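Everything below concerns the one structure shown next.
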Amino acid sequence: MTKITSPDILIQSLTQKLTEFLPKKNITDPVMVGIHTGGVWVAKQLHDNLQISEPLASLNISFYRDDFSRIGVHPQVTPTTLPNEIENRHIILVDDVLQTGRTIRAAMNELFDYGRPASITLVCLLERDGRELPIRADIVGQQLTLSDDIQVKLTGPEPLAFDIKNTTLS
């Protein structure tokens with residue numbers, strides 16, 4: 001199995017990549033949005049590292065998922081917090097693990113319910129195989145190839161760590 005780098009090292013790498021990426025794309029004054037829960041934990045650290053002036057925003061995409069029957073609804077539904085205006089704003093959307101693409105699709109659906117952003121830059125701590133939708137991150141901490149029976153989850157918020165499980169052994 002591929003060794004997974006520590007979340008702290010990956011966040012430092014993401015910070016560096018974003019520092020180089022944003023000026024190249026002429027993105028100034030972005031809105032950083034973390035997806036509950038792990039994406040918010042990662043976004044908080046990136047937001048602090050990049051010293052973004054706009055307050056950190058968050059999305060709870062539970063009711064936008066298209067796979068309720070398979071994964072269930074998270075029992076603690078927290079509210080979405082976005083700035084009053086996202087119309088024509090540059091959004092940095094942050095998630096912890098990108099696998100199927102369904103979480104990102106749900107997050108974009110919710111964002112567009114609030115307005116039409118100028119752009120969305122997708123940042124993920126881990127990007128693994130298993131894509132069901134044609135969604136790719138713009139900036140990735142680490143790419144993984146894992147068998148279908150391996151599940152990777154970010155735990156935290158203090159400290160951030162990866163929980164790796166073999167679902168066939170559970």
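The residues of the range 113-136 that are free of Cβ contacts under 8 Å to residues at least 60 places away in the same chain, over 11 Å from Gln99 (Cβ atoms) and within 15 Å of the chain's Cα centre (by Cα), listed by number, are Ile120, Leu122, Arg136. Of the helices (runs of 4 or more DSSP H) contained entirely in the range 1-112, those carrying at least 2 residues that are buried (at least 16 other Cβ atoms within 10 Å of the Cβ) and modelled with pLDDT of 95 or more fall at 7-24, 38-50.
Among the residues of the range 111-137, the ones that are more than 12 Å from Val94 (Cα to Cα) and in contact with a helix residue (DSSP H, G or I) (Cβ under 8 Å, 6 or more places away or on another chain) come to 4 in all.
Is it the case that Pro134 is modelled with pLDDT under 95, of a type outside the set (Asp, Glu) and assigned to a loop (DSSP other than H, G, I, E, B)? It is false that Pro134 is modelled with pLDDT under 95, of a type outside the set (Asp, Glu) and assigned to a loop (DSSP other than H, G, I, E, B).
Of the residues making up the range 157-170, just one is surrounded by 10 or more Cβ atoms within 10 Å (Cβ to Cβ), more than 17 Å from Arg128 (Cα to Cα) and at pLDDT below 95, namely Pro157.
The values are calculated or read from the model by the stated rules, or taken from the named source; none is laboratory data. These numbers were taken from a predicted model, which means no experiment stands behind them. Because the Cβ atoms are built from the backbone with ideal geometry, glycine has one as well, and the counts that use them run over all protein chains shown.
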